[in-house]
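Taking it in order: structure first as structure tokens, then the write-up.
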Amino acid sequence: MKSSTRWMFVTLGGLLSACNGTTDPATGGAGGATSSTAVGSTTAIASTTQSSTSTGMSPPCGATYAATSTAGRIAAGDLDGDGDLDLVSPQYTDDSIAVLLNDGTGQYLPAQGWMAGTRPSQVRLADFDADGDLDVATINAFGNDVSVLTNAGDAMFSDPVKYPVGLNGYSLDVADFNGDGKLDLVAASNVLDVRVLLNQGNGTFAAAVTYPVPGGTLFAVAAGDLDGDGDADIAVQASDQVSVLLNQNSTFVAGPVLSHPSSIVSDVLIADVNGDAAADIVVASSDVLVYPNNGDGTFGPVTANSAPISVAGMGSGDFDGDGDVDLALTTFTEGQLVLMRNAGDGTFGSPLVRTIEGFPEAPSMADVDDDAKMDLLVPNQGITVLPHDCVF
């Protein structure tokens, strides 16, 4: 039986309608106080629902949904089988995840909290147990482990099953590393290694296999096919370099080590940003760095794309609908959200900057209102959803 401790946050104030400054007729409000009602034994936390504000773009629009605590990077997927995108975010300070179900219009019902692990810092969605619905994995910074919560199909989740992955893990990704059709996990920790956990086919995982990584403190890990042989490789961002681990028959060997000029780093992405059908590596640092793939797991000279200020987190997707990968960034400066549009060749034009409330964490892109345009999802002491037309 899949059951877990959970609680719900009930929004009392209304939300701004998308991009028109009008109130939600269902609530009659234009943002206001929220409170929360505990389900079970967990103490609920009051929060506030606010509209976002913008600079250089009008009108202000979007909504911030109450969550349990300071939110982390948001993952989007259909958790309850109704065909629209729901949201999950790690809630670092209260050891939980927040699950927000889409009401079918791109707006969200009050968050439900599920216990996950000690200080979850990142969340991933995948069908780990092959039952046709999306499950949740978190990496837990102070628990030194990964938690997997399986989905009963209706967004009701099991108690977390935990797997040790080393000291102070902060980054997690999902891929089929051994070609068996089951989705595996890779975690980066601060003990200068990555841990690969192979799925045993039923949503449980074998003990982690450790692969050392040269360099300083590990900040981020990403999985993707970097050498064009059809299996998933690994890129790991350390304090002053990116290390590539190449997959050879389900084990990993050291590949290129890519230096970069900044010790201020926060994120790494594997994506074909220059349109040559080879997966490139993108690094968020004091600039946005692109390492173009030669197609065989070696890389050309790095290209630096100027960002307004040091980047705190990075998300990707085709935001402007022209068929290439654009970037959304947040900065260490209070309230900055940055959009960088791809020229099609892996270079990015002048950043488009707007402000939102508070200190936003790493953004994500997803079409949550089903209008065939990417929206922005920003964790920010809550979960901020910015419809596409709020930004353009």
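Relative contact order for the range 200-266: 24 percent, from Cα pairs under 8 Å spaced at least 6 residues apart, divided by residue count. Which of the three applies to the range 314-392, rounded, prolate or oblate, going by the alpha-carbon gyration tensor with a ≥ b ≥ c and a/c under 1.5 meaning rounded? Oblate shape, in that a/c is at least 1.5 and b/c is the bigger or equal ratio. Within the accessible area of the range 203-244, the carbon and sulfur atoms contribute 56%, probe 1.4 Å, all protein chains present. Note on residue 105 and residue 248: their simple-model spin labels are 5.7 nm apart, each label 7 Å out from Cα toward Cβ.
Stretching the chain fully between residue 78 and residue 202 yields a gain of 42.6 nm (0.36 nm per residue, less the alpha carbon separation). Dividing the convex hull volume of the alpha-carbon atoms in the range 235-322 by its residue count gives 110 Å³ per residue. The alpha carbon convex hull volume per residue for the range 100-161 rounds to 91 Å³. Using the Cβ-Cβ distance between residue 210 and residue 371 with R0 set to 41 Å, the FRET efficiency from 1/(1 + (r/R0)^6) comes to roughly 0.40. The convex hull built on the alpha-carbon positions of the range 208-261 has an orientation-averaged projected area of 3.8 nm². Pop the C-beta distance of residue 276 and residue 298 into the FRET formula with R0 = 22 Å and round what comes out to the nearest 0.05. Here the calculated transfer efficiency is 0.95.
The values are calculated or read from the model by the stated rules, or taken from the named source; none is laboratory data. Remember, it's a predicted structure, so these values are computed and weren't measured experimentally. Heads up, the Cβs are rebuilt from the backbone with ideal geometry, glycines too, and the neighbour counts pull from every protein chain shown. With ligands, DNA and RNA removed, areas are computed over all heavy atoms of the protein, side chains included. Shrake-Rupley method; radii C 1.70, N 1.55, O 1.52, S 1.80 Å.
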